Amino acid sequence: MALDPAGQHLRHVEKDVLIPKIMREKARERCSEQVQDFTKCCKDSGILMVVKCRKENSALKKCLTAHYNDPVFYEECKMEYLKEREEFRKTGIPAKKRLQKLPTSM
């Protein structure tokens, strides 16, 4: 059975694992200010971070959850995944290897 490179059907693992992984990565980028604030607070507070960093943790959770629950954001990540999958099905080369620079001299 040949797979259609441009096929839109998603397997269970794609819906429940791979697309949410892309969502987490992109949400962390979009919430980078909150991630930095929380990271700095944790580094500065040491063992007491659980108590001292509640405000930063809440802000980070709020930002991430807003993205996770946004249907438009899900569709954006889904389309990005489908585009990567289509390229892989056409070329057989994973996105990570395609994005690496080729050596300039051999």
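The values are calculated or read from the model by the stated rules, or taken from the named source; none is laboratory data. Just so it is clear, the structure is predicted and the values come from calculations on it, not from any experiment. A quick note on method: Cβ atoms are made from the backbone with ideal geometry, for glycine too, and the neighbour counts reach across all protein chains shown. Note: accessible area is taken over every heavy atom of the protein model, side chains too, but ligands, DNA and RNA are not part of it. Shrake-Rupley method; radii C 1.70, N 1.55, O 1.52, S 1.80 Å.
Of the residues making up the stretch 52-82, those that are out of contact with any helix residue (DSSP H, G or I) (no Cβ under 7 Å at 6 or more places or on another chain) and closer than 27 Å to Val13 by Cα number 12. Total residues in the stretch 13-57 satisfying the condition of being farther than 28 Å from Ala95 by Cα and hydrophobic (A, V, I, L, M, F, W, C): the figure is 9. Is it the case that Leu3 is modelled with pLDDT under 95, outside any helix (DSSP H, G or I) and surrounded by 15 or more Cβ atoms within 10 Å (Cβ to Cβ)? The answer is no for Leu3.
For (1) farther than 19 Å from Asp70 by Cα; (2) part of a helix (DSSP H, G or I); (3) free of Cβ contacts under 8 Å to residues at least 40 places away in the same chain; (4) of a type in the set (D, E, K, R), each residue gets a yes or a no:
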| residue | (1), (2), (3), (4) |
| --- | --- |
| Leu18 | no, yes, no, no |
| Lys21 | no, yes, yes, yes |
| Lys26 | no, yes, no, yes |
| Glu29 | no, yes, yes, yes |
| Phe38 | yes, yes, yes, no |
| Ser45 | yes, yes, yes, no |
| Leu48 | yes, yes, yes, no |
| Lys55 | yes, yes, yes, yes |
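Listed conditions (1) in a helix (DSSP H, G or I); (2) surrounded by fewer than 16 Cβ atoms within 10 Å (Cβ to Cβ) are all met by Lys78, apart from (2).
Met49 meets each of the listed conditions (1) among the hydrophobic types (A, V, I, L, M, F, W, C); (2) touching a helix residue (DSSP H, G or I) at 6+ places or on another chain (Cβ under 6 Å); (3) open to solvent by 100 Å² or more (accessible area, probe 1.4 Å) apart from (3). Candidates Leu64, Leu60: the one that is more than 30 Å from Pro94 (Cβ to Cβ), crowded, with 17+ Cβ neighbours inside 10 Å and at pLDDT 95 or above is Leu60.
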